[in-house]
1. What's the total number of residues in the range 5-25 that are under 12 Å from the mean Cα position of the chain (by Cα) and hydroxyl-bearing (Ser, Thr, Tyr)?
2. Take the residues in the range 86-107 that are assigned to a helix (DSSP H, G or I), within 19 Å of Trp161 (Cβ to Cβ) and touching a helix residue (DSSP H, G or I) at 6+ places or on another chain (Cβ under 9 Å), then tell me which one is modelled with the lowest pLDDT.
3. Return the residues of the range 44-90 that are in contact (Cβ under 8 Å) with a residue 12 or more places away in the chain and of a type in the set (Val, Ile, Thr); say none if nothing qualifies.
4. Between Phe89, Phe81, which is in contact with an Asp or Glu (Cβ under 8 Å, 6 or more places away or on another chain) and crowded, with 21+ Cβ neighbours inside 10 Å?
5. In the range 135-162, what residues are modelled with pLDDT under 95 and of a type in the set (Ser, Thr, Tyr)?
Amino acid sequence: MPLSFESHSHGPLAFGFFNIESDMLLLDRYFFFCDDFCDWIATLAEQESSAFLDCEVFHIKKEQDIGDLMGAIHDIRFTGFIGRVYQQFPFPKNPSGFRQNPEGGESRQLINELIAPFSKIQAVEIGADGSGFFRFGPYEFTRNVCHELIRYVWQGGYPRWKEDIRPACVIAMADRINQGRNRYFSGVFA
């Protein structure tokens, strides 16, 4: 479930997983896969200082094309991209089944097909600079909030990883952050 995180540039923004059977994340109107996010963050953490990466995300411009997450969760309204995902992967009837699937990456091809009609691929710059802010395209976050975003992925968001099993990309991200040289990312897991 995406949560609200306070950005320095745009106020509260939604970030997170939006379906337990997919490892796709959203940040406002940007959509990208967990393994890409993990690699981007780990690559930045391995740099000695300020660094930026050009990354490709799916950008959905119109809110109606994103869809109604709560309507889809409650099985009453399946609009936009999120509605299509929930038609394929409905919200579990039993609350104990509400856990982020660590094998969600296996649905990547289907998710790519579902998002294509609603989105455009867009290059965005991601990184941290000397000002102390983490930038993801036009969005800026403080260092503390950047660390919260990373920990959200580490935990499997809300509701957390199923059986506390993390995907390999998340474990590799944490290892690379912990061994990284960029002090901006030090203390994420402290």
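1. The number of residues fulfilling the criteria is 1.
2. If we take residues in the range 86-107 being assigned to a helix (DSSP H, G or I), within 19 Å of Trp161 (Cβ to Cβ) and touching a helix residue (DSSP H, G or I) at 6+ places or on another chain (Cβ under 9 Å), then Gly97 is modelled with the lowest pLDDT.
3. Val57, Ile60, Ile66, Ile73, Thr79, Ile82, Val85
4. On inspection, the qualifying residue turns out to be Phe81.
5. Answer for the range 135-162, where residues must be modelled with pLDDT under 95 and of a type in the set (Ser, Thr, Tyr): just Tyr158.
The values are calculated or read from the model by the stated rules, or taken from the named source; none is laboratory data. Because the structure is a prediction, the values reported are computed rather than measured. Please note: Cβ atoms are built from the backbone with ideal geometry, for glycine as well, and neighbour counts cover all protein chains shown.
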